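One structure is given below, encoded as structure tokens.
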Amino acid sequence: MAAASNFLGLLVLVVLASAASAQLSPTFYDTSCPRALATIRSGVNAAVAQEARMGASLLRLHFHDCFVRAIVSLLQNTSSMLAHLCRGKAHRHMQYKQIIIRNLYTSVQGCDASILLNETTGERFSPPNMNSVRGYEVIDSIKAQVEAVCPQTVSCADILAVAARDSVVALGGPSWTVLLGRRDSTNSFPGQTTDLPAPTLSLQGLRDSFNKKSLDLTDLVALSGAHTIGQAQCLNFRDHITEPNINPAFAASLRANCPATGGDTNLSPLDATTPTIFDNAYYSNLVSQRGLLHSDQQLFNNGSADGMVTSFASSAAAFTSAFTTAMVKMGNLQPLTGTNGQIRLNCWRVN
């Protein structure tokens, strides 16, 4: 059994290393589709000009695509193979190796546009995303525009990553270099959305959720700053209104639009100060106990993140530097590259 475990562990490392060697690159489409980035940017700018909230929605869509379970599912799916591998003969090892590799590329998922697949049994309709995540039609429209200039060349996963960046820029935020070369998943995994951080999580729960993605406390606090734009439904912050760590005047203002019963889908801005401008006001709100979600205020609640929140509140430069770094890290969460996956013709369905 030990030999089989060592074999599987080595195999996983080798395959992951091989996958990582197919590096993403900011110049990936320079030759194959030089107009790709300009086309995406134009589509994003038009959508945000029509509705500022769409910028936040596209940023969140990218986050929800990337933040799914990955390696854990590999171990679960291959556990039953170990027993067979232990009992198998040497000449069967190659057969099992091929099975495990196929299983690996089916299970490893991250920023792969799987959330875009319009399957009632997929991620798009799982509890964390259904009636919550939006912007699918904007991505579909941008994809159609990109297909018109470069047929079956630019992946939906890359469009999501670039659209997230361009949305931030459109709302006055920083830019960053997006690494490209992702490919699209041919499956969607509704059972894998449980790693998405819920608005009810404690600081430790948030840290655990981000640690699973090799994202540290700085990444957690910085990426949470995306809540400087966008809105949340009443059902996601109703309980926080009555918690002790909320400014009483702010709580009273929220209650007007989010009563104790009813109004579940009523919206309130995550950043009441500058709701459609990407800035660092979110952190100043936390310092004054005006975080909309329970999970927001947990970042400034006499815990390990307090100092970082204070730093970001006082320095926009410190926030934008940490945010852009964290976005690149998140965007590189186990993408499909090389010949894995496909380049979808339509983002909402596999070819």
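What percent does the relative contact order of region 165-266 come to when contacts are Cα pairs within less than 8 Å and at least six residues apart? It would help to have the intermediate numbers written out before the result.
On the way: 46 pairs, mean separation 17.3, N = 102.
It rounds to 17 percent for region 165-266.
Quantify, in whole percent, the carbon and sulfur part of the accessible surface of region 190-273 (1.4 Å probe; protein heavy atoms only). Walk me through the numbers on the way to the answer.
Details: 1950 of 3690 Å².
That fraction is 53 percent.
Taking the Cβ of Asn245 as the center, what net charge do the other residues with Cβ under 13 Å away carry, scoring Lys and Arg +1 and Asp and Glu -1? Intermediate results must be reported in sequence, preceding the final value.
Numbers: positive: Arg290; negative: Asp239, Glu243, Asp296, Asp306.
Net local charge, Asn245 excluded: -3.
The values are calculated or read from the model by the stated rules, or taken from the named source; none is laboratory data. Remember, it's a predicted structure, so these values are computed and weren't measured experimentally. Note that we place each Cβ from the backbone using ideal geometry, even for glycine, and neighbour counts take in every protein chain shown. The protein model used for the area step is the full one, side chains on, heavy atoms only, and it has no ligands, DNA or RNA in it. Shrake-Rupley method; radii C 1.70, N 1.55, O 1.52, S 1.80 Å.
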